[in-house]
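Each remark here refers to the structure printed beneath this line.
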Amino acid sequence: MVRVLRLKTGERIVLGDGAGYDAEGAITSFGKNEIEVVLEKKRKNECEPSRRVILYVAVLKRENFEYAAMKATEAGVAEIRPLVTARTVKTGLNLERLRKIVKEAAEQSGRGVIPGVSEPRPFAEAVQDAKKHSASLFFSTEARAKDISVEPCAADATVGVFIGPEGGWTREEEEEASRAGFVLSSLGSLTLRAETAALVSVYLAVHGKV
């Protein structure tokens, strides 16, 4: 980091604890594998979204899922919960690598919290988990899906966002989501790749008026 950023003694830096707080201080010395910093003040990170958006996304091909996780983090997602659906092709994930990608994306975008990435879970289990949220948006390409719209949620609400696999949801999965009270939503007339849909839907849920 020192070489990449070309840091020098006396320069001021901001360090994050990954739990919502930043600390500002000045570099006093360098060691072989360490930097000594005198911290002067601690403050709450002002970039972190107040609304918690939980991304439930089907396991995709490795590079596609990594892209989705990285971009969702930059868009403000609070947690990423991988799903195993009826049409999921690949079920394994390198969680260590994913968490590293998410951590780097959070740091690069100035986040105050590093989103968690959980073990993949069955679709039915995720549906039960998401029932406790203020609202859940279930994105689909089905004709009956409507433009993103739910009853207005508080700025600090928790909102679930569901994105399916490359092959889409099955009819049974959509019916299960509907029975759970999720809002069957659309991102428009164009068909988006799953990783693109993850980015767009998270951004809308975090920063939009849903």
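Just need a number here: residues in segment 70-104 that are under 14 Å from residue 203 (Cβ atoms) and either surrounded by fewer than 16 Cβ atoms within 10 Å (Cβ to Cβ) or not acidic (Asp, Glu) (or both).
Just the residues of segment 70-104 that are under 14 Å from residue 203 (Cβ atoms), to begin with: 70-78.
Right, trim to either surrounded by fewer than 16 Cβ atoms within 10 Å (Cβ to Cβ) or not acidic (Asp, Glu) (or both) and you get 70-73, 75-78.
The number of residues fulfilling the criteria is 8.
Counting the residues of segment 57-91 that are over 9 Å from the mean Cα position of the chain (by Cα) and touching a residue at least 24 places away in the same chain (Cβ under 8 Å) gives 20. Of all residue pairs spaced 6 or more apart or on separate chains, those with beta-carbon atoms under 9 Å, a first member in segment 102-119 that is within 20 Å of residue 82 (Cβ to Cβ) and without any contact (Cβ under 8 Å) to a residue 60 or more places away in the chain and a second member that is among the basic types (Lys, Arg) and in a loop (DSSP other than H, G, I, E, B) are 105/111.
Within segment 168-182, if we keep just the residues that are crowded, with 21+ Cβ neighbours inside 10 Å and in contact with a strand residue (DSSP E or B) (Cβ under 7 Å, 6 or more places away or on another chain), the residue that is nearest to residue 122 (Cα to Cα) turns out to be 177. Report the residue count in segment 41-80 for those that are part of a loop (DSSP other than H, G, I, E, B) and not charged (D, E, K, R). Of the residues in that region, 9 qualify.
Where a number appears in this text, it was derived from the coordinates with a stated rule and is not lab data. Just so it is clear, the structure is predicted and the values come from calculations on it, not from any experiment. Every residue, glycine among them, receives a Cβ derived from its backbone with ideal geometry; neighbour counts consider all protein chains shown.
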